[in-house]
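For reference, the structure discussed in these notes is given below.
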Amino acid sequence: KKKIIDESYIDNYNLLTQFPSTIKFTSQQKEIGKNFLASVGIDENKKFVCFGVRTKLFKKETFNSVRNSSIMNQLLGINYLIKNGYKAVKMGKFEKKLDLKNVNIFDYGNYENNQDFLDFYISSKCEFFISGTTGLNELATVMRKPKLILDFINFHNVEIINHCPLILPKKIYSTKKNSFLKYSDIIKNGIDKIDIIENYPDDLKLIDNDQEEILNAIHEMRMLIELKNFDLDNFQKQQKKFWDLNKNYNSVENNNLLISPSFFDKYNYLFTDD
């Protein structure tokens, strides 16, 4: 029996883990989806990932959201996966088509015949999803696919992120201090709640994840999802103090999120509270 308990962004009852997706494909739809993937050189029984970003182009925004980022910074990590037997599907619509020049990457976002059904079907067949903090990655949630969220800064919203083992935060640089801000200061001062870059104090600059940071996080996702060689419990223990601090100031649970361990280790001094 199905019952709507409440209309919420938060999975209070852990339903996403307990139950599979309610979206089911008919035999005809499965055949259509399989033939489509084959037509663009992707065997649905082989490894592929979906990836994308949020930009202001989709909604023609006149401001710059803190959630925006560049797709180009993901390509080093995507090429790493390709070298290890993956193919990749770029999701999300852009104003112009990217010149990727790689037969192992399909630009579905700019495919002229893309459609809602294919959005869900493609997502249901990928190994995992890579994207910025955008509604795009909820395709992965709906189809119960693990996701890596990049360019993250809104720590006050972590409890609405579901089915996501790893996140990779942006950094904030202070020209006054001539250094990066500690995440404890970002959270204590409510900077993580600012949604528009133009509303940042003049001395602060939001820094997107670079290619190396993203490459390392993608490698960790592969270790976790494919190779099963990732000490998740140990990493969560190492990060517990930080997530407790975030819960104390933002009153939110971290929903089993883990900051990319390579990033957390490299910038460990930014996660301390002293």
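Among Phe63, Phe25, which is touching a residue at least 24 places away in the same chain (Cβ under 8 Å), in contact with a Gly (Cβ under 8 Å, 6 or more places away or on another chain) and in a loop (DSSP other than H, G, I, E, B)?
Result of the check over Phe63, Phe25: Phe25.
Within the set of pairs 6 or more residues apart or between chains, which connect a residue that is closer than 20 Å to Tyr86 by Cα inside the range 102-116 to a residue that is assigned to a helix (DSSP H, G or I) with Cβ atoms less than 8 Å apart?
If the second residue must be assigned to a helix (DSSP H, G or I), the pairs left are Asn102/Asn79; Asn102/Ile82; Asn104/Ile82; Ile105/Ile78; Ile105/Ile82; Tyr108/Leu118; Tyr108/Ile122.
Just to be sure I understand, how many residues within the range 73-91 are over 19 Å from the mean Cα position of the chain (by Cα) and basic (Lys, Arg)?
Total meeting the criteria: 1.
Could you please find all residues in the range 205-234 being open to solvent by 50 Å² or more (accessible area, probe 1.4 Å) and touching a helix residue (DSSP H, G or I) at 6+ places or on another chain (Cβ under 6 Å)?
Scanning the range 205-234 gives Gln211, Asn216, Asn229.
Working only within the range 170-204, note down all residues that are more than 17 Å from Tyr249 (Cα to Cα), open to solvent by 20 Å² or more (accessible area, probe 1.4 Å), assigned to a loop (DSSP other than H, G, I, E, B) and in contact (Cβ under 8 Å) with a residue 60 or more places away in the chain.
Asp195
Is it the case that Ile167 is at pLDDT 95 or above, within 21 Å of Ile71 (Cβ to Cβ) and not in a helix (DSSP H, G or I)?
Yes; evaluated as a whole, the condition is true for this residue.
Residues that are farther than 15 Å from Met72 by Cα, among the hydrophobic types (A, V, I, L, M, F, W, C) and assigned to a helix (DSSP H, G or I): does the range 86-108 have at least one?
No: the range 86-108 contains no residue that is farther than 15 Å from Met72 by Cα, among the hydrophobic types (A, V, I, L, M, F, W, C) and assigned to a helix (DSSP H, G or I).
Would a scan of the range 9-27 turn up a residue that is touching a helix residue (DSSP H, G or I) at 6+ places or on another chain (Cβ under 7 Å), of a type in the set (Ser, Thr, Tyr), under 21 Å from His163 (Cα atoms) and open to solvent by less than 80 Å² (accessible area, probe 1.4 Å)?
For the range 9-27, residues touching a helix residue (DSSP H, G or I) at 6+ places or on another chain (Cβ under 7 Å), of a type in the set (Ser, Thr, Tyr), under 21 Å from His163 (Cα atoms) and open to solvent by less than 80 Å² (accessible area, probe 1.4 Å): present.
How many residues does the range 222-246 contain that are in contact with a Lys or Arg (Cβ under 9 Å, 6 or more places away or on another chain) and in a helix (DSSP H, G or I)?
1
One line per residue, one yes/no per condition, for (1) over 16 Å from the mean Cα position of the chain (by Cα); (2) crowded, with 17+ Cβ neighbours inside 10 Å; (3) of a type outside the set (Phe, Trp, Tyr); (4) modelled with pLDDT of 95 or more:
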| residue | (1), (2), (3), (4) |
| --- | --- |
| Phe51 | no, yes, no, yes |
| Thr62 | yes, no, yes, no |
| Ile71 | no, yes, yes, no |
| Phe94 | yes, no, no, no |
| Asn113 | yes, no, yes, no |
| Tyr121 | yes, yes, no, yes |
| Lys125 | yes, yes, yes, yes |
| Phe128 | no, yes, no, yes |
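The values are calculated or read from the model by the stated rules, or taken from the named source; none is laboratory data. Because the structure is a prediction, the values reported are computed rather than measured. Note that each Cβ is placed from the backbone with ideal geometry, even for glycine, and that neighbours are counted across all protein chains shown. To get the accessible areas, we keep the full protein, side chains included, count just its heavy atoms, and leave off ligands, DNA and RNA. Shrake-Rupley method; radii C 1.70, N 1.55, O 1.52, S 1.80 Å.
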